[in-house]
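First up is the structure itself, then whatever we jot down about it.
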Amino acid sequence: MTVAKKCMVVLQHGSHGTHLDLACLSQYLKAKDPRLIVWESYKNEGMRTDDGVVPCGERLADNLIREIKELCSTPTQSGGDGGREKVVVQMSFVCHSMGGLIVREALPRVWDKVESQKGKLEIEWNMFCTIATPHGGVCQMASTLRYYLGRLISFFYSTSYHDMFLGSDVLTDRLLSPKHLSCLAAFKRRLLVSSINDILVPLMSSGFMLTPSQRGLAGDMLREEQKQLCAFNEREMYDKMRTITEIPKEEWPANKFLAERRIAKTLVQAVGNFDSVVVDLRSPRLEELYEDRKRRTTAWYGANKRSHQAMVCKPPFDTVEEAFGFVSHMVGDEVLATFQE
C-alpha cells in the first residue's frame, strides 16, 4: 500500500457570512503554497447560519466528510498493492466568529467517520484557530443596542443567536462534552485571535481573558496595560502572544462573569494550552496609509466601529487590506508553519 500525504486548511465563516469573508486569508495561503488544499464550505452561507450551531455543524461535517472521501478515492499512479492507497491528511481549521462554534460541533462527527476509515485514511490534526469566536457566548457584548436587538432576534427568529446568548445548553454543556473536548485536544496547536474593541464578541469569550478595564484598571494604568497587551501589526502579534495554561483568579476573579469563566476554564483544563493574541486595529499610522478619502474613511470605520469584521478583511474592508491584512497574514503563516513541523 502506498501513502499519499496531503495538506488541507478548512475555512469557516461566521453568522450571515459567505466563503468570501475569509478571501484575504484564502488568497494568501494559496499564493504562499499552491499545493495546499484550501477548502471553503458553501453549506452554511447567509441566513442558513440562523438555524443553530448544531444544524450548521452537522451540515459542515457532512460536507467535509464528502470532501475527505474524494481525497481517498484517487488511486495511486504506480498501481502498487492493487492500486490501494492510504491517505494521510494534515488538517487545520481557521474560523471566524460563529464559525469556530460550527467547527467545534462538526469535529466529533468528522472524527467518527475518520475512525471508521482506519487503514485507508489518517488525519493529523494540526491547528485549530479561531478569530473573534464567541466560545463563551455574547452576553457581555459591548454594544448595548446590539445586545438588546440580538436578544430579541434570539427569541423570535435565530436559533444561533439563542445559542450564543447562552439561552440553550449548546455552549455551556454540549460543546464541553468529553467527545467535543477530546477532538480539540487532538490538535497540535490552538490559537485564539481577538480584537480589543470588538463590540460584538467580548475578549473574555474570544480570548479567554478580561480587558484591563474589566480588571479594574483606569486612567494611565489602563492605557499602559492596554498598550502592552495589544498588537498593532504582524510583528507585535508574535511578540505579544500569550500562552494560556489556566484562568488565574488574580486576572479573572471567580465571582466575575461566572458562565463565561466556567466555559473558558473548562476548555483550558480539558483541552490544553491555547495561544491567545489580542489586536488593536486603531493604529496611529492608519490615516497615513490612504490619500483617497473614501478608503481612509473605510479604514477608520473598520478600526473603530467594525473591528469584528475588519480583522479578517470581510467586505467592504477587503478594499483596505493594507490596513488590516496583517491579521490574516500572521494566521496564514502560523498555519503554514504547522505543516512544516
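Values quoted throughout were computed directly from the atomic coordinates according to the rules given, and no laboratory measurement underlies them. Owing to the predicted nature of the structure, the values given are computational and were not obtained by experimental measurement. Using ideal geometry, Cβ is built from the backbone for each residue, glycine included, and neighbour counts are taken over all protein chains shown.
Rounded to the nearest 10 degrees, the angle from helix 219-229 to the longest Cα principal axis of the chain is 20 degrees. Electrostatic tally near F187: other residues with Cβ closer than 14 Å to its Cβ, Lys and Arg +1, Asp and Glu -1, net 0.
Residue ranges 43-56, 197-210 sort as 197-210, 43-56 when ordered by packing (mean number of other C-beta atoms within 10 Å per residue, highest first). By the Kirkwood approach, averaging reciprocal distances over each pair of separate Cα atoms, region 282-341 gets a hydrodynamic radius of 12.0 Å. Here's the list of lysines a cross-link from K69 could span, going by alpha-carbon distance under 30 Å and ignoring same-chain residues fewer than 8 apart: K5, K6, K30, K32, K43, K86, K113, K118, K120, K179, K188. Go ahead and estimate [θ] at 222 nm for the chain from helices alone: -39,500 (n - 2.57) per DSSP H run with n ≥ 4, summed, over the residue count, rounded to 500. After summing the helix terms and dividing by residue count, I get -13000 deg cm²/dmol. Quick check: the distance between the Cα centres of region 1-55 and region 305-341, to the nearest angstrom? That distance is 14 Å.
Bridgeable lysines around K256 (alpha carbons under 22 Å apart, same-chain partners fewer than 8 residues away excluded): K265.
Against the chain, whose longest principal axis comes from its Cα atoms, helix 144-156 is set at around 50 degrees.
Evaluating 6.51 cos²θ - 1.76 cosθ + 1.60 at θ = phi - 60° for every residue in region 200-217, the Karplus couplings come out as 9, 10, x, 4, 4, 8, 8, x, 6, 8, 8, 6, x, 5, 5, 8, x, 7 Hz, glycine and proline recorded as x.
Which loop trypsin sites (Lys or Arg not before Pro) in region 152-227, with loop taken from DSSP, have no more than 14 other Cβ atoms within 10 angstrom of their Cβ? Sites meeting the loop and neighbour criteria: K188.
For region 90-240, rounded, prolate or oblate, judged on the Cα gyration tensor with a ≥ b ≥ c (square roots of eigenvalues), a/c < 1.5 rounded, else prolate if a/b > b/c? Taking the square roots of the gyration eigenvalues as a ≥ b ≥ c, region 90-240 is oblate. In terms of its C-alpha gyration tensor, region 1-69 comes out oblate, because a/c is 1.5 or above while a/b does not outweigh b/c. Each part gets one Cα centre, and for region 165-193 versus region 247-275 those centres are 13 Å apart. Which angle from 0 to 90°, rounded to the nearest 10, does the C-alpha axis of helix 258-271 make with the longest principal axis of the chain? It works out to around 30 degrees. What shape does region 203-258 have by the C-alpha gyration tensor, where a ≥ b ≥ c are the square roots of the eigenvalues, rounded means a/c under 1.5, and otherwise prolate means a/b greater than b/c and oblate the rest? Note, shape of region 203-258 comes out oblate.
Measuring r between the beta carbons of R285 and H16 and using R0 = 35 Å, the FRET efficiency lands at 0.65.
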